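All remarks here apply to the structure that follows.
The values are calculated or read from the model by the stated rules, or taken from the named source; none is laboratory data. What you see is a predicted model, and the numbers here were worked out from it, not measured in a lab. Here the Cβ is made from the backbone with ideal geometry for all residues, glycine too, and neighbour counts use every protein chain on show. Calculation scope for accessible area: heavy atoms of the full protein, side chains included, ligands and nucleic acids excluded. Shrake-Rupley method; radii C 1.70, N 1.55, O 1.52, S 1.80 Å.
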Amino acid sequence: MLKITLPDGSVREFDSAVTVLDIAKNISSGLAKATLAGVVNDKLVDASTLITADATVRLITDKDPEGLEVIRHSTAHLLAQAVKQLFPAAQVTIGPVIENGFYYDFSFERPFTPEDLIAIEKKMANLVDQNIKVERVEMSREEAIEFFDSLGEKYKVEIISSIPAGEIISLYKQGDFIDLCRGPHVPSTSKLKAFKLMKVAGAYWRGNSDNEMLQRIYGTAWRNKDELKEYLHLLEEAEKRDHRKIGKQMELFMMSDYGPGFPFFLPKGMQLRNALEDFWRKKVLRNDYSEIRTPIMLHKELWEISGHWFNYRENMYTSEIDEMEFAIKPMNCPGAVLVYKNGLHSYKDLPLRMGELGLVHRHEFSGALHGLFRVRNFTQDDAHIFCTPEQIESEVIQVINSIDEFYKTFGFSYEIFLSTKPEKAVGSDEIWQIAEGALANAMQKIGVPYTLNEGDGAFYGPKLDFKIKDAIGRMWQCGTLQLDFNLPERFDIHYIGEDGNKHRPVMLHRATCGSLERFIGILIEHYEGKFPFWLAPVQAVVVNISEKQAEYANSVYEQLKLAGVRAEIDLSNEKVGYKIRQHSMQKVPYLLVIGDNEVANNQVTVRRQDGSDLGAMSLEEFLGLNN
RNA sequence: GCCGGAAUAGCUCAGCAGGUAGAGCAGCUGACUUGUAAUCAGAAGGUCGAGGGUUCGAUUCCUUUUUCCGGCACCA
């Protein structure tokens, strides 16, 4: 007698061993049809898994998140099966589930073409129609190695070799295709109803750039056709938000072949940027920080002391002048340390907080460049805090709160990552442990959740990274808070303590936006260019209906400028409809329309970017709208 | 940096299979004097990313190179 406990607490009894699918059948035939897999005693398994002892069982259909994952994983196998049928010479490697879909890496003599993708997708659909059963097979390690070796699948052999001894090696067989896989999978290919191959790309074997490059095929898979359609539509919408596209349309910034990765800010982009900088000074610096500006280029020796010359050299631009070597700063910290060293400091001065909008240059790989998100020169909204070890915790908390408040203004969601000691690092393990502990403690104290990101710290200290989600769900590192015991040591900086002796201060590096350029890129996508009034490059355009109102329109325009509004005037001989369209497309928050009526009543008619009409009002009333 | 794709007017894009390029919008000129997302007409605008090659002839084919796009790897 076998007792199976279901999620609702009910117990079903069976005479002998049953499969997950049998249990589903026992409940209803509809459920049996929908069952993709099962969770037996908290372990995700195939629907065909035989249960031989009492167990708690949950049936997985496409309604469960696990179900969708199984669908995606099985679709990856389906892809591999299709590829092997069409291109027998291709070797299979790995094919994991990713967000929204899956990919599969193949080793093949040539890259797959878009035409290949179409053929593969067709073959996949054909395999689905054949309703091929997917079966699990278990083998010993030796058997499995021999098996894949005989097929010439050397990558699979390599993977098996790296599986810890003693672990069961499972394979999945669907028709003539057998793949090494942990599973579980859908019971039959007919369960895969909505998928699409998206793109081909090169990818390194095992993610290591020293290894061979494989051919990766990306696909997306969903529960049904409607969800697939919805997802494809979402991608289209996300594309419209692309900051590179909007940046061009709205004339915010440009790029030039003469400076790949070096963005140019156009007049409108500068208006946006200045608005952001003003806000940053008001919100982040407040009265808590002083502001400094340090040189772009400094002597090599400084970078040797800081450690950059040995740890960051490959990213640095250098120049030789008067037979001396200089480097363009990739970071602002050494300059800030020089400012600190410019005078003596008492414990009474600490914490000493210095902000800097510092322009840094980093030589990034050409393939990494991406609009404003990834550039070769960018402005960090940097700040350095010099404090005593006792002050670390309160400073860390203050910074976290400040960043949180700043992001909230824009309605951004974000995640925090704690990055620990990397391979290439300065300072002892002991110092690193203290620093990592200090960051973790501060977060625990104020109850902020975070994810550990091991080995990803800066070479001089551990850090907290604040990652913002962009329009398409990509995460971008923006804010950062780095704890540094090393630079103070290297530059031998100190403060005079209460006891009259010299003490070593601790240094905190912090940034809220991270890179102003990247942050602006994210803002563009976040708002789709429809910036809130305070950020909008052009806040209002005065539009006349005919020449008759030109004089009054001009006086309105002048008054707007006097009131500090970033305004433009459009007196062109076009119909109002045309002008409205032009400025609406430029996403100007307010259009002030002026015809004979407005002139007569000394008013303006206000139209918002979203098309809503606020009607006629006095200019004073309009100015009051955003105060 | 690696793999693949792309580069044609200011912008968005056509250009079949080699025969020195075309549209819409913007810009310019003129007419219209306009009431909430495109008024009409006219003229103009291009070394077809750059270098080299094949050819009687190259935007088109080959090659080198630059930049961009999608991934990988790296990162704010």
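When ligands, DNA and RNA are left out and all protein chains stay put, how many square angstrom of accessible area per residue does the stretch A:2-61 have with a 1.4 Å probe? Don't jump to the answer; show the numbers that get you there.
On the way: 3060 Å² over 60 residues.
For the stretch A:2-61, the solvent-accessible area averages 51 Å² per residue.
Need the list of lysines near A:LYS575 for cross-linking: C-alpha distance under 21 angstrom, and skip anything on the same chain fewer than eight residues off.
Once the sequence-local lysines are set aside, what remains near A:LYS575 is A:LYS548, A:LYS587.
Projecting each Cα onto the charge dipole of chain A (Lys/Arg +1, Asp/Glu -1 at the beta carbon, about the Cα centre), which of A:MET443, A:SER515, A:THR420 comes out farthest on the positive side?
The Cα lying farthest towards the positive end belongs to A:SER515.
Where the accessible area of the stretch A:172-279 is counted over protein heavy atoms with a 1.4 Å probe, how much of it, in %, is carbon and sulfur?
Numbers: 2960 of 5840 Å².
Solvent-exposed carbon and sulfur of the stretch A:172-279 make up 51 percent of the total.
Rounded if a/c is under 1.5, else prolate if a/b is larger than b/c, else oblate: which is the stretch A:2-61, with a ≥ b ≥ c the root eigenvalues of its Cα gyration tensor?
On the way: a/c = 1.33, a/b = 1.21, b/c = 1.10.
Verdict is rounded for the stretch A:2-61.
Which percent of the accessible area of the stretch A:331-394 is formed by carbon and sulfur heavy atoms (probe 1.4 angstrom)? Let's see the in-between values first.
Details: 1290 of 2450 Å².
After summing per-atom areas, the C and S share lands at 53 percent.
Skip the ligands, DNA and RNA, and give the accessible area per residue of the stretch A:540-624 with a 1.4 Å probe, whole Å².
On the way: 4430 Å² over 85 residues.
Per residue, the stretch A:540-624 has 52 Å² of solvent-accessible surface.
Hey, can you list the DSSP H helices of chain A whose Cα span along the axis is 27 Å or longer and whose average Kyte-Doolittle score is at least 0.0?
Within chain A the helices that satisfy the rule are A:65-86, A:392-410.
Length gain on complete extension for the stretch A:ASN211 to A:LYS341, per 0.36 nm per residue less the alpha carbon to alpha carbon distance? Intermediate results must be reported in sequence, preceding the final value.
Details: separation 130, 0.36 × 130 = 46.80 nm, distance 4.64 nm.
Between A:ASN211 and A:LYS341, full extension yields 42.2 nm more.
Can you list the residues of the stretch A:74-104 with backbone N under 19 Å from a point 7 Å past the Cα of A:ASP176, pointing along Cα to Cβ?
Residues passing the 19 Å test: A:77-93.
So, in Å, what gap is there between the alpha-carbon centers of the stretch A:152-201 and the stretch A:130-146?
When both Cα centres are located, 9 Å separates them.
Mind jotting down the distance between the C-alpha centroids of the stretch A:407-451 and the stretch A:268-290, whole Å?
Spelled out, the Cα-based centre of one part sits 25 Å from the other.
What dipole magnitude, in Debye to the nearest 20, does chain A give about its Cα centre under +1 on Lys/Arg Cβ and -1 on Asp/Glu Cβ?
With Lys and Arg at +1 and Asp and Glu at -1, about 1300 debye.
Could you size up the charge dipole of the stretch A:2-61 around its Cα centre, putting +1 on the beta carbon of Lys and Arg and -1 on that of Asp and Glu, and report it in debye to the nearest 20?
Working: 6 positive and 7 negative charges, 32 e Å.
It comes to approximately 160 debye.
Mind ordering A:512-519, A:556-563, A:98-105 by average Cβ neighbours within 10 Å, highest first? The partial results should precede the final answer.
On the way: A:512-519: 25.0, A:556-563: 16.9, A:98-105: 19.1.
Answer by packing, highest mean first, reads A:512-519, A:98-105, A:556-563.
Which residues' amide hydrogens lie under 5 Å from the amide hydrogen of A:ARG182, considering only partners 5 or more residues apart or on another chain, with H built in the peptide plane?
Correct list: empty.
Listed highest first by mean packing, meaning other Cβ atoms within 10 Å per residue, what order do A:564-572, A:311-319 come in?
Going by the mean number of other Cβ atoms within 10 Å, highest first, we get A:564-572, A:311-319.
Which of A:LYS225/A:LYS248; A:LYS84/A:LYS240; A:LYS84/A:LYS191; A:LYS199/A:LYS245; A:LYS173/A:LYS469; A:LYS341/A:LYS467 have a Cα-Cα distance over 30 Å?
On the way: A:LYS225/A:LYS248 35 Å; A:LYS84/A:LYS240 37 Å; A:LYS84/A:LYS191 20 Å; A:LYS199/A:LYS245 21 Å; A:LYS173/A:LYS469 39 Å; A:LYS341/A:LYS467 33 Å.
Violating the 30 Å limit, Cα to Cα: A:LYS225/A:LYS248; A:LYS84/A:LYS240; A:LYS173/A:LYS469; A:LYS341/A:LYS467.
If R₀ is 56 angstrom, what is the calculated FRET efficiency for the pair A:ASP322 and A:ALA125, using the beta carbon separation as r and rounding to 0.05? Before the final figure, lay out each step's value.
Working: r = 69 Å, r/R0 = 1.24.
My answer for the efficiency is 0.20.
Between the alpha-carbon centers of the stretch A:383-403 and the stretch A:13-60, tell me the distance in whole angstrom.
Using only Cα atoms to place each centre, the spacing works out to 54 Å.
Length gain on complete extension for the stretch A:TYR258 to A:LYS530, per 0.36 nm per residue less the alpha carbon to alpha carbon distance? Mind dumping the intermediate values first?
Numbers: separation 272, 0.36 × 272 = 97.92 nm, distance 3.05 nm.
That pair, A:TYR258 and A:LYS530, stretches by 94.9 nm at full extension.
Would chain A count as rounded, prolate or oblate if I go by the C-alpha gyration tensor, calling it rounded below 1.5 in a/c and otherwise prolate when a/b exceeds b/c, oblate otherwise?
Details: a/c = 2.07, a/b = 1.37, b/c = 1.50.
Because a/c hits 1.5 or more and a/b fails to exceed b/c, chain A counts as oblate.
Would the stretch A:6-143 count as rounded, prolate or oblate if I go by the C-alpha gyration tensor, calling it rounded below 1.5 in a/c and otherwise prolate when a/b exceeds b/c, oblate otherwise?
Numbers: a/c = 2.53, a/b = 2.09, b/c = 1.21.
It comes out prolate by the Cα gyration axes.
Whenever you get a sec, compute what percent of the accessible area on the stretch A:2-61 sits on carbon and sulfur atoms (1.4 Å probe).
Working: 1570 of 3060 Å².
For the stretch A:2-61, the apolar C and S fraction of the accessible surface comes to 51 percent.
I need the peptides A:328-336, A:54-62 ranked by packing, meaning the mean over residues of other C-beta atoms within 10 angstrom, with the highest value on top. Display every interim value, and only then the final one.
Details: A:328-336: 22.2, A:54-62: 19.0.
Result, highest mean first: A:328-336, A:54-62.
Which length gain, in nm to one decimal place, applies between A:GLU558 and A:THR5 when the Cα-Cα distance is subtracted from 0.36 nm times their residue separation?
On the way: separation 553, 0.36 × 553 = 199.08 nm, distance 7.71 nm.
Stretched fully, the A:GLU558-A:THR5 segment lengthens by 191.4 nm.
Return the long-range amide H neighbours of A:GLY358 (sequence gap of 5 or more, or a different chain), with a cut-off of under 5 Å between placed amide H atoms.
Placed amide hydrogens put A:GLN380, A:ASP382 under 5 Å from A:GLY358.
Averaged per residue, what accessible surface does the stretch A:327-374 expose to a 1.4 Å probe, in Å²?
Working: 1940 Å² over 48 residues.
Spelled out: the 1.4 Å probe surface of the stretch A:327-374, per residue, equals 40 Å².
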